[in-house]
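Undergrad: What follows is a single structure, and I will ask about it in a moment.
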Amino acid sequence: MNQDLIFRYFPNLTATQKKQFSALYPLYEDWNSKINVVSRKDIEQLYLHHVLHSLAIAKLVSFQPGTKILDVGTGGGFPGIPLAILFPEAEFTLVDSIGKKILVVKEVCKGAGIQNVTAIHGRAEELKGEWDFVVSRAVTRLKPFIEWVENKISKTPKHNIPNGILYLKGGDLEEELSEIDYPYHVHDLSDFFKEEFFETKKLVMVSV
Ligand SMILES: C[S@@+](CC[C@H](N)C(=O)[O-])C[C@H]1O[C@@H](n2cnc3c(N)ncnc32)[C@H](O)[C@@H]1O
């Protein structure tokens, strides 16, 4: 567990952000022993496998103050919590259908002093509201995922890229991508991070 990895890839963090990133390991270690949100053997790799992986989204988009972001199927808070620390002036809504996981999200935010996160226990399909971006990792295939969220994405862009979905995915995506009707772009995370873990990891941007 080494938060210095985060500080190396994101060298302009404020003292508050460094403190918040450093707080994540003890908070997740404690909560994970009560409610499993990160696989037990993965907890030692929290900063590489979960925090840095989540922050790959920030290598592509810098969320402006006031941007609204929805994290669907956030589990214990990935990618939403690391992004909320990095962009304290953006507004994050984290949703998961399992109440215990949302409890962990709320407790980690409270423990680390993260104030720009609203955590909701519910199903993404049933959620009402509008966001500029939807972020996610490892929830379901892209086609059903898009159907859950396409009517929740604002049509007014605030950035130099269109509003839409930023989905962290691994492995072979060809078949999944062939099922979707919106324009998309696939980015290799190995272009951003040199660790072996990222060799097969991708970020799919879907403009909705
Ligand atoms: C494999 S976990 C990934 C969690 C987190 N995104 C991560 O990468 O660590 C998938 C999560 O999606 C949630 N999920 C699945 N279907 C959902 C739905 N329809 N609405 C909200 N959450 C959902 C599950 O409860 C689970 O926590």
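Read-outs throughout are calculated quantities, based only on the coordinates presented, and are distinct from any laboratory measurement. Worth saying up front: this structure is predicted, and the values here are computed from it rather than measured. With ideal geometry, Cβ positions are generated from the backbone for all residues, glycine too; neighbour counts draw on all protein chains shown.
Undergrad: Rounded to the nearest 500, what is the chain's calculated 222 nm mean residue ellipticity when only DSSP H runs of at least 4 contribute -39500 (n - 2.57) each, over all residues?
TA: Calculated at 222 nm, the ellipticity per residue is -8500 deg cm²/dmol.
Undergrad: With θ set to phi - 60°, apply the Karplus curve 6.51 cos²θ - 1.76 cosθ + 1.60 along the range 74-80 and write out the HN-Hα couplings as whole Hz, x wherever there is a Gly or Pro.
TA: 5, x, x, x, 10, x, x
Undergrad: Would you work out which of 153, 109, 205 lies farthest towards the positive end of the dipole of the range 99-208? Charges go on Cβ: Lys and Arg +1, Asp and Glu -1.
TA: So the residue furthest toward the plus end is 109.
Undergrad: Might you report the magnitude of the Cβ-based charge dipole of the range 4-207 about its Cα centre, with Lys and Arg at +1 and Asp and Glu at -1, to the nearest 20 debye?
TA: It comes to approximately 660 debye.
Undergrad: Another question, if that's okay. For residue 41, which lysines qualify as cross-link partners when the Cα separation must be under 30 Å and same-chain residues fewer than eight apart are set aside?
TA: 18, 19, 59, 100, 101, 106, 110, 169, 194, 201, 202
Undergrad: Using θ = phi - 60° and the Karplus curve 6.51 cos²θ - 1.76 cosθ + 1.60, what whole-Hz ³J(HN,Hα) does each residue of the range 186-203 get, with Gly and Pro shown as x?
TA: 10, 10, 7, 5, 5, 6, 9, 10, 8, 5, 4, 3, 8, 3, 9, 8, 9, 10
Undergrad: Related question: Taking amide H positions as placed 1.01 Å from N in the peptide plane, with prolines and chain starts having none, which residues 5 or more places from residue 135, or on another chain, fall under 5 Å of its amide H?
TA: Amide H neighbours of residue 135, under 5 Å, 5+ apart: 70, 71, 72, 166.
Undergrad: Sequence-distant or interchain residues sharing an amide H contact under 5 Å with residue 119, placed H: which?
TA: Excluding prolines and chain starts, which carry no amide H, the hits are 94.
Undergrad: Counting only residues 5 or more places away or on other chains, whose amide H sits under 5 Å from the amide H of residue 153 once H atoms are built in the peptide plane?
TA: 131
Undergrad: Would you kindly derive the ³J(HN,Hα) couplings of the range 46-54 from the backbone phi angles with the Karplus curve 6.51 cos²θ - 1.76 cosθ + 1.60 (θ = phi - 60°), listing them in order in whole Hz, with x for Gly and Pro?
TA: 3, 6, 7, 6, 10, 6, 5, 4, 4
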